[in-house]
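Here is the structure we will look at.
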């Protein structure tokens, strides 16, 4: 799991662990927020905002997962900009980033931490 | 104080002068007025012929400068030059005073004074307007309801005449070239090279008559007849005069400036006329009495005048008046450089003539056989790039060995540092090597910092050699995860039988892949027949289009395209599509590939939409895949009065044969039932056009960013042979092309081009045709509809949800408004991430 500080977060259930496929993402709706959750090959789970800042479409969960120089990434399926799954930073345009969410597994359920 | 410069003429050379002056005139010494005769902005006249192949006037337009120091008046030629008053007057009556005047009026086509040369249907070949008129006349003649090929007579078999003939052939006419000299391209090639050139050109649907002239043109029953000096008469729908050019020097003559014996305003090495305030550059200028009809010397003159106007001391050098040329004429490589006709006293000629291989090479060397003076290459001009810079330099090897097949390979290291690598932009080997030393480590970088290779591109092979010599390796690596090209990865996957990306990247790559290598490997796995594209680990390799078997649109919804083979659809099929679109609120549009696209489907709607379509007998159209898209067709013999074969039947058969075939890029096809070509097959990756005797197969066509007509691969094939050749063509493409390389650029990049492709897939020169056909048979046997595969598999279906925790809740960011009676996306408000 990605190391996160749990203090002060509200943990919302997203889905069961078995709904995550290695190297793919799913979209989660939490109130009005859309979160993209990814399971990488090493078993780590990452959660970032689902909205692609370059197109405005809620599609980052459908991007291709991979790595750039060892950093786990997802590529937007619209215009292909690559985002760092750890930091949410766009590696192609460093001034742009997407939100990063705390995420953990509890008893077979993936939980997203909201402030 | 600002001085006034008036430039008469807005061609390529005038344009170069203006650009050079604007760039270098840092003190704003000059204000520039350009007066052009044509209504159009300056364009690339060297690439004029590409206009008939679909290059647009906009694409040919040279970069336009917006600068407060520059004004351009088009369509207003200068009609009078008053040197005493230092002013010019234009056709519209404008009078402009100048401090300096540059004549860049170019040249005009020479039309021999034969009777009938002004008849309708007679044209010259110089401007875009000329080409518009020729294209209109060719189309009109083809549209006439009469049998037989339309023909054209081209007067003049030089460089321009052969270009015109090629263009006319592209327009669907049968050209006949009439050349007064005993050989084609008499300026560039010698007798031996000309003989081979003629033989090679005649094998490309072109008739050639040398040593005769046109005596007159007449009109008979609405067509033209060209009477030749040997008594032969040629019928023609179009006559094009391309018998050379004459300098446009009338303005200078009328103003009393001296001109050369054969025309052209006389200028000195500074490109200045007798009048110290008047300069002349390009084809209208005669330097030491001689005019130059190539763009490179014109550019050099423009640079000299730009320098002189800024008080520089540049002069024209002999190297800049180099008339060397390399070109591909009707598929035949021709190059001519230095003293090609051995006019230097005592010059010796070394010739290697191989009529079987279709190559001719001649080197002209000094009387002591120590120095290279020039040469002619026909059929294979690959050595041009290394030979031309050696002109004037000591021969690095025995001259016969330098041009003989299997002889010595002249490396870039043999070139002296002062040798011009790029003669268009006057870049020396020293300058290129310095740029490499300073960090320009690939061809694009060298182009950017030295301008070498940015004009005709013939020196790019030498640039690559110099890079290699400097120890800079040119990478063909797919991405940071694989050091291999796509073709190499295909061989690895096919050879090892690896079926998963994980294993491939572990054994042959590094890291975990990315959005470049994953879809490329997914495509390779699919081409080799590894089951459903969403089976097992393959699902995680697919780009979103393939992952959801639909086309992602800008608002996050998808479009749906059921297969309609050959564009043939029943009324019930149309009703089903209509009902599905209506019931799911989809926007519908007819595609260019003769099918129907339904837009605005949310990801969770896709299975229900496809359930309805599959139940009605439709299957995936693969509009989302790098795969065969459609085979477009005209109605053919079934209905059409003119059709000569059943184009719809063949199109349906081809589409069903190749459906689902994954490839490096999308593949489009078309079948036309006659030469009228209503299916636009020649704009496709493979296009089939019916003939009286069978089918003609064209390959490598492309719409898109760089349009290109497909070229004839094989003609008059019966249906079985046609399908066998297409099988091989497609499989060879799938195995050897780069990622996202359409067939057009694949063939262009192929060593030997179309001829090599024909050798491999028609003549079986590599002995792989049976293997290619077997691979295609396997594909056809393994085909299954991908959407049916999803509908029958709960695990795959489970992925088609909007949200994993709210599977049926629509994405709240998606909404529609109605436009022209249909739903269209509401533009999504974007945070300002880009200016």
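The values are calculated or read from the model by the stated rules, or taken from the named source; none is laboratory data. Please read all numbers here as calculations on a predicted model, not as lab measurements. Using ideal geometry, Cβ is built from the backbone for each residue, glycine included, and neighbour counts are taken over all protein chains shown.
Would a scan of the range B:458-476 turn up a residue that is surrounded by fewer than 23 Cβ atoms within 10 Å (Cβ to Cβ), more than 14 Å from chain A (Cβ to nearest Cβ), in contact with a strand residue (DSSP E or B) (Cβ under 7 Å, 6 or more places away or on another chain) and in a loop (DSSP other than H, G, I, E, B)?
Yes, because at least one residue in the range B:458-476 is surrounded by fewer than 23 Cβ atoms within 10 Å (Cβ to Cβ), more than 14 Å from chain A (Cβ to nearest Cβ), in contact with a strand residue (DSSP E or B) (Cβ under 7 Å, 6 or more places away or on another chain) and in a loop (DSSP other than H, G, I, E, B).
When you look at residue A:28, is it within 13 Å of the chain's Cα centre (by Cα), more than 7 Å from chain B (Cβ to nearest Cβ), surrounded by 16 or more Cβ atoms within 10 Å (Cβ to Cβ) and touching a residue at least 60 places away in the same chain (Cβ under 8 Å), yes or no?
Values: within 13 Å of the chain's Cα centre (by Cα): yes; more than 7 Å from chain B (Cβ to nearest Cβ): no; surrounded by 16 or more Cβ atoms within 10 Å (Cβ to Cβ): yes; touching a residue at least 60 places away in the same chain (Cβ under 8 Å): yes.
Spelling it out, it is not the case that residue A:28 is within 13 Å of the chain's Cα centre (by Cα), more than 7 Å from chain B (Cβ to nearest Cβ), surrounded by 16 or more Cβ atoms within 10 Å (Cβ to Cβ) and touching a residue at least 60 places away in the same chain (Cβ under 8 Å).
For the range A:39-51, enumerate the residues that are without any contact (Cβ under 8 Å) to a residue 40 or more places away in the chain, part of a loop (DSSP other than H, G, I, E, B) and more than 7 Å from every other protein chain (Cβ to nearest Cβ).
Of all residues in the range A:39-51, those without any contact (Cβ under 8 Å) to a residue 40 or more places away in the chain come to A:39, A:41-43, A:50.
In the following step, the residues that additionally are part of a loop (DSSP other than H, G, I, E, B) were identified as A:41-43, A:50.
Answer for the range A:39-51, where residues must be without any contact (Cβ under 8 Å) to a residue 40 or more places away in the chain, part of a loop (DSSP other than H, G, I, E, B) and more than 7 Å from every other protein chain (Cβ to nearest Cβ): A:42, A:43, A:50.
Quick test for you: out of B:168, B:184, pick the one residue that is surrounded by 24 or more Cβ atoms within 10 Å (Cβ to Cβ), assigned to a helix (DSSP H, G or I) and outside the structural domain of residue B:39 (by TED's automatic domain parsing).
Answer to the selection: B:168.
Which count do you get for residues in the range B:392-410 that are surrounded by fewer than 14 Cβ atoms within 10 Å (Cβ to Cβ) and farther than 15 Å from residue B:350 by Cα?
3
Exactly one condition in (1) buried (at least 18 other Cβ atoms within 10 Å of the Cβ); (2) within 23 Å of residue B:762 (Cα to Cα); (3) more than 23 Å from the chain's Cα centre (by Cα) is not met by residue B:693; state its number.
The single condition residue B:693 does not satisfy is (1).
Being surrounded by 21 or more Cβ atoms within 10 Å (Cβ to Cβ), in contact with a strand residue (DSSP E or B) (Cβ under 9 Å, 6 or more places away or on another chain) and closer than 24 Å to residue B:282 by Cβ is the filter here, so list the residues in the range B:424-446 that pass it.
If the condition is that a residue be surrounded by 21 or more Cβ atoms within 10 Å (Cβ to Cβ), in contact with a strand residue (DSSP E or B) (Cβ under 9 Å, 6 or more places away or on another chain) and closer than 24 Å to residue B:282 by Cβ, then B:427 is the only one that fits.
I need a count of the residues in the range B:503-525 that are in a helix (DSSP H, G or I) and surrounded by fewer than 17 Cβ atoms within 10 Å (Cβ to Cβ).
Looking only at the range B:503-525, we keep the residues that are in a helix (DSSP H, G or I), and these are B:503-508, B:517-525.
Add one more test, that the residue is surrounded by fewer than 17 Cβ atoms within 10 Å (Cβ to Cβ), and what stays is B:503, B:506-507.
Selection size over the range B:503-525: 3.
Mind listing whichever residues of the range B:522-541 are over 23 Å from residue B:781 (Cβ atoms) and either without any contact (Cβ under 8 Å) to a residue 60 or more places away in the chain or more than 9 Å from chain A (Cβ to nearest Cβ) (or both)?
Step one: of the range B:522-541, the residues over 23 Å from residue B:781 (Cβ atoms) are B:537, B:539-541.
Result: B:537, B:540, B:541.
Taking the residues in the range A:16-25 that are part of a strand (DSSP E or B) and crowded, with 19+ Cβ neighbours inside 10 Å as candidates, determine which candidate is farthest from the other protein chains (Cβ to nearest Cβ). Walk me through it before giving the result.
Within the range A:16-25, the subset part of a strand (DSSP E or B) is A:16, A:22, A:24-25.
Still in the list and also crowded, with 19+ Cβ neighbours inside 10 Å: A:24-25.
Working: A:24: 5, A:25: 10 Å.
Top of the filtered list is A:25.
Among the listed residues B:320, B:303, which satisfies the condition of being modelled with pLDDT under 90, in a helix (DSSP H, G or I) and surrounded by 19 or more Cβ atoms within 10 Å (Cβ to Cβ)? Steps first, answer last, please.
Details: B:303 fails: modelled with pLDDT under 90.
Step by step, each of B:320, B:303 is checked, and only B:320 is modelled with pLDDT under 90, in a helix (DSSP H, G or I) and surrounded by 19 or more Cβ atoms within 10 Å (Cβ to Cβ).
Any chance you could count how many residues in the range B:46-84 are surrounded by 14 or more Cβ atoms within 10 Å (Cβ to Cβ) and under 23 Å from residue B:278 (Cβ atoms)?
The number of residues fulfilling the criteria is 11.
Would you check if residue A:3 is at pLDDT below 95, touching a helix residue (DSSP H, G or I) at 6+ places or on another chain (Cβ under 8 Å) and away from chain B (no Cβ under 11 Å)? Give the steps one after another, and end with the answer.
Numbers: at pLDDT below 95: yes; touching a helix residue (DSSP H, G or I) at 6+ places or on another chain (Cβ under 8 Å): no; away from chain B (no Cβ under 11 Å): yes.
Spelling it out, it is not the case that residue A:3 is at pLDDT below 95, touching a helix residue (DSSP H, G or I) at 6+ places or on another chain (Cβ under 8 Å) and away from chain B (no Cβ under 11 Å).
Here is a check on your reading of the model: is residue A:101 over 25 Å from residue B:502 (Cβ atoms), in contact with a strand residue (DSSP E or B) (Cβ under 6 Å, 6 or more places away or on another chain) and either more than 7 Å from chain B (Cβ to nearest Cβ) or in a loop (DSSP other than H, G, I, E, B) (or both)?
Working: over 25 Å from residue B:502 (Cβ atoms): yes; in contact with a strand residue (DSSP E or B) (Cβ under 6 Å, 6 or more places away or on another chain): yes; either more than 7 Å from chain B (Cβ to nearest Cβ) or in a loop (DSSP other than H, G, I, E, B) (or both): yes.
When the stated conditions are applied, residue A:101 passes them.
Could you tell me how many of the residues in the range A:58-80 are facing chain B (nearest Cβ under 8 Å) and either over 28 Å from residue A:109 (Cβ atoms) or not in a loop (DSSP other than H, G, I, E, B) (or both)?
Pass one, the range A:58-80, residues facing chain B (nearest Cβ under 8 Å): A:58-59, A:62-70, A:72-73, A:75, A:77-78, A:80.
Still in the running and either over 28 Å from residue A:109 (Cβ atoms) or not in a loop (DSSP other than H, G, I, E, B) (or both): A:58, A:62, A:64-70, A:72-73, A:75, A:78, A:80.
Selection size over the range A:58-80: 14.
Residue-wise test of (1) surrounded by fewer than 16 Cβ atoms within 10 Å (Cβ to Cβ); (2) within 14 Å of chain A (Cβ to nearest Cβ).
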{"site": "B:732", "(1), (2)": "no, no"}
{"site": "B:743", "(1), (2)": "no, no"}
{"site": "B:761", "(1), (2)": "no, no"}
{"site": "B:784", "(1), (2)": "yes, no"}
{"site": "B:789", "(1), (2)": "no, no"}
{"site": "B:795", "(1), (2)": "yes, yes"}
{"site": "B:807", "(1), (2)": "yes, yes"}
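Scanning for something touching a strand residue (DSSP E or B) at 6+ places or on another chain (Cβ under 6 Å), in a strand (DSSP E or B) and in the same structural domain as residue B:658 (by TED's automatic domain parsing), does the range B:755-767 turn up at least one residue?
No - not one qualifying residue is present in the range B:755-767.
In the range B:200-232, how many are in a strand (DSSP E or B), at pLDDT 90 or above and touching a strand residue (DSSP E or B) at 6+ places or on another chain (Cβ under 7 Å)?
Let us first name the residues in the range B:200-232 that are in a strand (DSSP E or B), namely B:207-210, B:214-220, B:223-228.
If we keep only those that are at pLDDT 90 or above too, we end up with B:208-210, B:214-219, B:224-228.
Okay, now just the ones that are also touching a strand residue (DSSP E or B) at 6+ places or on another chain (Cβ under 7 Å), so B:208-210, B:214-218, B:224-228.
Selection size over the range B:200-232: 13.
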